[in-house]
Structure formats: C-alpha cells, structure tokens
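Report on the structure given below.
No lab work stands behind these numbers, since they all come straight from the coordinates. Since the structure is predicted, the reported quantities are computational estimates derived from the model, not experimental observations. FYI the Cβ positions are ideal-geometry reconstructions off the backbone, even for glycines, and counts take in every protein chain you see.
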Amino acid sequence: MEDNEYICHIDSAHHDDKFKKEMKNRLNRIEGQVRGINRMIQEDIYCDDILNQMAAIQSALISAGEILLEAHIKSCIVEQIKHGKVEAVDELMQTIKKMIR
C-alpha cells in the first residue's frame, strides 16, 4: 500500500478512494457469500458444502481485517505516536487481541 492511501486523524481515518473501493469490493463479495449460504440452507444443500462456504467467509473477513489493520498501523498508529500519543500502542494491542480471539 502506498503512504498516500490513507490519512489518519485522532479517532477517525480518511482513506483514499482506491482503498475504499478495494475494501468495498471485498466486503461486497463477502456479503454475496453470506447470501449464498442463506440460499443454500433454504435449498437444503449438504451441510458440509455450507460449512465450507462459511469457512471461506471467515477467511475472507480475516483477510479484510488484516488489510485494514495494516492501514491502521501504517497511518493512524504511526501518526499518533509521532504526535506523542503513545497510548495508541495500548489501543492497538486491544484491537489485535480482539482480532485473534
């Protein structure tokens, strides 16, 4: 990711249009997969096939989260530390703990 893809302000972030579009595309695919699972359940599709789709969704969400976390660290966290807000590291640690549960 390029440095100009996102600019962070305390408690908010401003991502550039390219970053937003990429995230929107990822989330739209995930949303489509969730709708697909709902359809599969309504059509009595074999449970193993549904579970495989659920695993794919989990993986896609984790991947999207990793991309957003990377952007957050490279922009928001770095920016806050540069401005003396070292408690941003504690906030980051809490976020990471939530993600790995």
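Observations
- The amide H of H15, built 1.01 Å from its N in the peptide plane, has I7 as neighbours under 5 Å, considering only residues 5 or more places off or on other chains.
- Calculated [θ] (222 nm, deg cm²/dmol) that DSSP helices of n ≥ 4 give over the chain, each run adding -39,500 (n - 2.57): -22500 deg cm²/dmol
- For K98, a cut-off of 26 angstrom between C-alpha atoms picks up these lysines, skipping any fewer than 8 places away in its own chain: K20, K21, K24, K74, K82, K85.
- Of the residues E31, E43, E91, the one with the fewest other Cβ atoms within 10 Å heads the list, and the complete ranking is E43, E31, E91.
- Comparing H72, H83, H15 in a Gaussian network model of the chain (Cα springs below 10 Å), the most mobile by mean-square fluctuation is H83.
- Placing +1 on the Cβ of every Lys and Arg and -1 on the Cβ of every Asp and Glu, with nothing else charged, gives the range 16-99 a dipole about its Cα centre of roughly 300 debye.
- Helix 88-99 vs. the chain, principal-axis angle (Cα, 0 to 90°, nearest 10): 10
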